[in-house]
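These notes concern the structure reproduced below.
The values are calculated or read from the model by the stated rules, or taken from the named source; none is laboratory data. All figures in this text were calculated on a predicted structure; none of them were measured in a lab. Cβ placement follows ideal geometry from the backbone for every residue including glycine, while neighbour counts extend to all protein chains displayed. Just the protein is used for accessible areas: all its heavy atoms, side chains included, with ligands, DNA and RNA removed. Shrake-Rupley method; radii C 1.70, N 1.55, O 1.52, S 1.80 Å.
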Amino acid sequence: MTHSFDALIVGGGAAGLMCAITAGKRGRRVAVLERADRAGKKILISGGGRCNFTNLQCRPDNFISANPHFAKSALSRYTPADFIELVERYRIPYHEKTLGQLFGDRSANDILAMLLEECRLAHVSIFLGTRISEVTRDKDFVVRAADAEFRAPVLVVATGGLSIPKIGATSFGYDLARQFGIKIQEPRPGLVPFVLNGKDRSELCDLAGVSMEVTAASDGQQFREKMLITHRGLSGPAILQVSSYWSPTRPVKIDLAPEREIVAELLQQKTPRTVQSLRSRVRELLPNRFADRWIELHPPSGWTNSALEDWEKEVHAWVIAPAGTEGFDKAEVTVGGVDTDELSAKTMEARRVPGLFFIGEVVDVTGHLGGYNFQWAWASGRAAGEAL
Ligand SMILES: Cc1cc2nc3c(=O)[nH]c(=O)nc-3n(C[C@H](O)[C@H](O)[C@H](O)COP(=O)(O)OP(=O)(O)OC[C@H]3O[C@@H](n4cnc5c(N)ncnc54)[C@H](O)[C@@H]3O)c2cc1C
C-alpha cells in the first residue's frame with residue numbers, strides 16, 4: 001500500500017513533532033513515521049519525568065557545534081518565549097528551577113499531550129511502529145517500511161542521536177546522511193557521567209552519593225555546579241556539562257572549593273598546624289567524608305606557609321584523566337552529527353540534496369544541560385516546518 005504526502009518526517013520526537021505541527025498548520029499534508037510504539041518517548045523521561053522544556057537564558061554560546069554560528073538563525077526565530085506562549089496557551093503549570101531552567105509542575109506528559117493535540121489540530125498523520133527498510137529517491141523520496149510505502153517530495157530526518165538505545169535511538173539519520181553523500185561530525189556521548197581509572201575508582205568510589213559544588217573545566221569551558229561521586233566515577237551537573245567538551249586527550253580540571261580560601265585562616269592562627277586542624281578547616285568547606293579522604297590521599301608535604309599554599313593549589317586544580325564515559329547507554333545527548341556545513345541555517349535543508357532536511361539532535365548542534373536541547377529541537381523543527 002502506498003501513502004502519498006507533501007512531506008514525510010522520520011522520527012516523532014521533539015523536533016519531528018514541532019516540524020509536523022508547523023508544516024501541518026501551513027496546509028501541508030504531513031506524515032510522521034515513528035519507529036517506537038508511541039511518539040515522544042524521550043520527552044516523557046526528560047528532566048526526571050518533568051521535562052525541562054526550555055531555558056530563559058538561552059544564548060548561542062550554550063550550544064556546541066563545529067560551526068558555533070549555525071544555530072543562531074533558527075534560535076533567534078523561535079525563542080523560549082515562543083514555546084512558553086504555547087505552554088501557557090495550554091494552561092500547563094510550570095516553574096523555574098534554577099539557572100533559567102523551566103520545568104513542568106506535574107509531568108512531562110503535559111508537554112507531549114500538548115504537542116500531540118497540536119498535531120491533531122494540524123491534521124498530521126502519525127504512523128507508529130514503522131520499521132523503515134529502505135529510502136530511495138526518484139522524483140519523490142520513497143520510504144519503504146515492513147507493510148507500507150510512503151512517498152513525498154520532501155523528507156525530514158528527525159531521528160535524534162544515539163543516546164539511550166533502549167528507548168529507540170538508532171543510527172538511521174547518520175546512515176541516511178551518508179547514503180546521500182552528506183558529511184557527519186563523528187557522534188560521541190555528551191552530558192554523560194565519567195568512569196574513573198582503576199586507581200581513582202578504588203580510592204574514591206566507596207564515597208558514592210557524596211556531592212559538592214565544584215567548578216569543572218575542560219577544553220577552555222568551565223561549569224560551576226554540583227559534582228556527584230558514583231559507584232564508577234563522577235557525575236552531577238558540573239561533570240555532565242564538561243563531559244560534552246571532553247576527549248581522552250584532554251584532562252579535566254576540578255576546583256573543589258571554588259572562590260574559597262582554605263589555608264589562609266590556618267596561617268594566621270597561633271595554634272599548631274596539624275592534620276586535625278587542617279581537617280576541621282576542610283570539613284567546613286567540603287562534605288566530611290570527602291574532606292577526610294582528600295587529606296588522607298593528598299597530605300600536605302609540610303606545615304610551612306608555602307607547603308600549605310601549594311597544598312591548597314591542588315584543591316583548586318585537581319586534574320583527573322577519566323578512563324572514559326558511561327557511553328550512549330547513559331548519555332543525555334549525542335555531540336556531533338550531520339555536519340552543519342551541509343545544511344542551510346535558515347531552513348535545515350541539505351544544500352546538495354534539495355528536499356532533504358535534518359533537524360534536532362541528529363544535527364551537529366548540542367545544547368548544554370538545562371533545557372537547551374529541547375529549545376534547539378523546537379527551533380530547528382520550526383525552521384524546517386516553515387520551509388516545507
Ligand atoms: C534521560 C534524558 C533526559 C533528558 N532531559 C532533557 C531535558 O530535561 N531538557 C532538554 O532540553 N533535553 C533533555 N534531554 C535531551 C533531549 O531529550 C533531546 O535532545 C531531544 O529529545 C532531541 O529531540 P529530537 O526530536 O531531535 O530527538 P528525539 O527526541 O530523540 O526523537 C527522535 C525520534 O526518532 C525516533 N526514531 C529513531 N530512529 C528511527 C527510525 N529508524 N525510524 C523511525 N523513527 C526513529 C525515535 O524513536 C524518537 O521518537 C534528555 C535526554 C535524555 C536521554
I'm checking a number: the convex hull volume of the Cα atoms of the stretch 299-347, normalised per residue, in Å³. What is it? 179
The stretch 113-146: GluC sites (Glu not before Pro) in DSSP loop, at most 16 other beta carbons within 10 Å: none
Rounded to the nearest 10 Å², the accessible area of Arg289 at probe 1.4 Å: 130
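Using the Kirkwood radius over Cα pairs, work out the Stokes-Einstein diffusion coefficient for the stretch 264-330 at 37 °C and 0.692 mPa s, in µm²/s as a whole number.
242
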Dipole axis of the chain (+1 Lys, Arg; -1 Asp, Glu on Cβ), positive-most option in Gly47, Met227, Ser380: Ser380
Assuming R0 = 41 Å, can you tell me the calculated FRET efficiency for the pair Val319 and Thr274, based on Cβ-Cβ distance, to the nearest 0.05? 0.90
One would report the Cα pair-distance distribution of the stretch 245-302, bin width 10 Å, in %, as 19, 47, 23, 9, 2
Cα to Cα, under 28 Å, and not fewer than 8 places away if on the same chain: which lysines meet these conditions relative to Lys313? Lys199, Lys226, Lys253, Lys270
Intensity falloff of the stretch 179-312 expressed as log10 I(q)/I(0), Debye formula with alpha-carbon point scatterers, at q = 0.10, 0.13 Å⁻¹: -0.40, -0.63
Which three lengths, in whole Å and largest first, does the stretch 1-117 cover when its Cα atoms are put on their principal axes? 50, 36, 24
Of the chymotrypsin sites (Phe, Trp or Tyr not before Pro) in the stretch 260-339, which ones lie in a loop per DSSP and count no more than 10 other C-beta atoms within 10 Å? none
Taking only the alpha-carbon atoms of the stretch 1-65, what semi-axes of the equivalent ellipsoid follow from 5 times the gyration tensor eigenvalues under a square root, in whole Å, largest first? 27, 16, 10
One would report the Cα pair-distance distribution of the chain, bin width 10 Å, in %, as 5, 22, 28, 20, 13, 8, 4, 1, 0
Give a quick list of GluC sites (Glu not before Pro) in the stretch 232-312 that DSSP marks as loop, anything other than H, G, I, E or B, with at most 10 other Cβ atoms within 10 Å. Glu259
Report, in cubic angstrom per residue, the convex hull volume of the C-alpha atoms of the stretch 308-388. 150
Inverting the mean 1/r over all pairs of different Cα atoms, compute the Kirkwood radius of the stretch 122-194 and quote it in Å. 14.3
³J(HN,Hα) computed for each position of the stretch 288-295 - Karplus, 6.51 cos²θ - 1.76 cosθ + 1.60, integer Hz, glycine/proline x: 3, 5, 6, 4, 4, 5, 4, 5
Report the convex hull volume per residue for the stretch 185-251, counting only C-alpha atoms, in Å³. 86
In a Gaussian network model of the chain with springs linking alpha carbons closer than 10 Å, the residue among Thr170, Thr304, Thr215 that fluctuates most is Thr304
Run through every distinct alpha carbon pair of the stretch 57-212 and return the Kirkwood hydrodynamic radius in angstroms, one decimal place. 20.3
The rounded separation in angstrom of the Cα centers of the stretch 190-205 and the stretch 110-129 is 41
